[in-house]
């Protein structure tokens, strides 16, 4: 992938240099130069969803720290960037103000952004974004962005003044727009889908999802997360069924759907501290309560904190165990502890229920390990869009605008050229007209230069698309290795780029005639594709296509 990045960087720099002499292309040149600098910056992964979908709780659970602001009621939203770096001890957060100023702020400043009173809204109105720097391994290759979310939450606020309502509405509208901009410009996106998807009709759900995404989601760089599955026991039990259903509905939009409970994951993180002392204490306490009574107590928070004469554990002790955990998270943990004699067995079950193990694997595989690809793909896509906008929209208008004055000047130049040998005034006029002609854009030359740049970008773009197709086939194959023989796996894994993208890493080292070998192998896999089950077909078709690409390269040598 490093070779692709370097090649893309050089194409953008060289393209900007060639087009830089044309004043009419100044905006495109600036865009190409900006994109060339972005290639080596960290991949940006945006977390997107509707308001109160649990985005901030999800970010905190993923990073293992309570950073993004959360609250039981709607929290005044800001865009939060989480990047790799060493934070200041006293003022760990960088506040970027809308006026252009930058200020390092402390946790007390963040606490003042909680709530929806008029003073809080005034303060938030001046903030462009907050930046958190962490020495977190996940952030070495990606920058996470916690967006405010889309869709307003209708609430009754104590403050009903005109200023409050106007400011609240303005903030909501701006945050909605900013969320869409971040989503559009990000290299990859995690879409948080609220658990309400389980209780809505398919049509309503798809309409709501399209509102979140703007119908711009792409399975190449998008993963879905079914959040807050701890809200009720039925949802927790049906989490895989529901995520599979949603995944089938959005298979052309999202790469996969993972059901998670960020609240459960964060609670387990705390309970596992000091060799799981907190979890063991909970298990030992619950084991003292008669099973029938324990089951009754877990049916509701008020019952759990009720005064039962036959309960050996005091209300105060039970309240301490509950702490600040959300009730359904606590009830889920307690229920699993009562099912297992060994707290570690319960822990294993609870961690699987939280979904974060599966989610981390998915994010590492699709985002973190592919961060260079995702950034390169987004950069080249943006460059081609800017190029095509100029070629097919602005350039024709420019050509139409300059056609008549250019033709007239060329006619005068031709006329004065016939006179300049004998007339000093004609020579001066001829030179002046040539200067004027140079000020009128030569759209024909611009068209040629832009077409050549587009050709070079298109070649890398299609190579990246082929790379992604190989990656998809690899994941499908590695997900069902039992569908392939050991010899087939030994051939396909390097062929599809598991050990490197260079041609010499895709083919066996001991072949004497690479072209003949590739032709034979392509024919072998093509013949297999006519008679195979669905789990093998895509991989076999991809192997056939990859051998075809290698054959083309060998023939060009």
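In plain terms, the residue of 191, 499, 81, 304 with the fewest other Cβ atoms within 10 Å comes first and the most crowded comes last, giving 499, 81, 304, 191. Computed on segment 264-354, with alpha-carbon pairs under 8 angstrom and 6+ residues apart, the relative contact order is 35 percent.
Each label point was placed 7 Å from the Cα along the Cα-to-Cβ direction; for residue 466 and residue 552 their separation is 0.5 nm. Estimated at 0.36 nm per residue, the fully extended path between residue 17 and residue 341 surpasses their Cα-Cα distance by 109.6 nm. Extension gain for the segment residue 351 to residue 104, taken as residue separation times 0.36 nm less the Cα-Cα distance, is 85.3 nm to one decimal. For segment 452-470 versus segment 354-386, the inter-centroid distance based on Cα atoms is 17 Å. Between residue 1 and residue 292, the modelled labels are 6.0 nm apart [label points 7 Å from Cα along Cα→Cβ].
Model label points for residue 510 and residue 305, set 7 angstrom from Cα along the Cα-to-Cβ axis, are 7.2 nm apart. Per residue, the convex hull around the alpha carbon atoms of segment 264-354 comes to 86 Å³.
Once the Cβ-Cβ distance of residue 529 and residue 40 is raised to the sixth power relative to R0 = 41 Å, the FRET efficiency obtained is 0.55. Using Cα-only point scatterers and the Debye equation, what is log10 of I(q)/I(0) for segment 333-472 at each q in 0.10, 0.17, 0.20 Å⁻¹, rounded to two decimals? The Cα Debye sum returns log10 ratios of -0.65, -0.98, -1.11. Ordered from longest to shortest, the equivalent ellipsoid semi-axes for the chain are 55, 36, 19 Å, each the square root of 5 times a Cα gyration tensor eigenvalue. Here the calculated FRET efficiency for residue 410 and residue 10, from their Cβ-Cβ distance with R0 = 45 Å, stands at 0.80, rounded to the nearest 0.05.
Based on alpha-carbon atoms, the Kirkwood radius and the radius of gyration of segment 214-329 give Rg/Rh equal to 1.12. For segment 1-135, what percent of Cα pairs sit more than 26 Å apart? Percent of Cα pairs beyond 26 Å in segment 1-135: 43. As a calculated quantity, the FRET efficiency between residue 128 and residue 517 at R0 = 60 Å, using C-beta atoms, amounts to about 0.60. On full extension, the segment bounded by residue 275 and residue 426 gains 44.9 nm, given 0.36 nm per residue less the C-alpha separation. The shape of segment 440-557 can be summarised by an equivalent ellipsoid whose semi-axes, obtained from the alpha carbon gyration tensor, come to 34, 17, 13 Å from longest to shortest. Neighbour counts of C-beta atoms inside 10 Å place 88, 324, 358 in the sequence 324, 88, 358, starting with the fewest.
In Å, what Kirkwood hydrodynamic radius results for segment 18-59 from the alpha-carbon pair distances? This gives a value of 13.6 Å.
The numbers here are math on the coordinates, done by the rules we state, and not lab data. Quick caveat: nothing in here was measured; it's all calculated off a predicted structure. Positions of Cβ are generated from backbone atoms using ideal geometry, with glycine treated the same way; all protein chains shown enter the neighbour counts.
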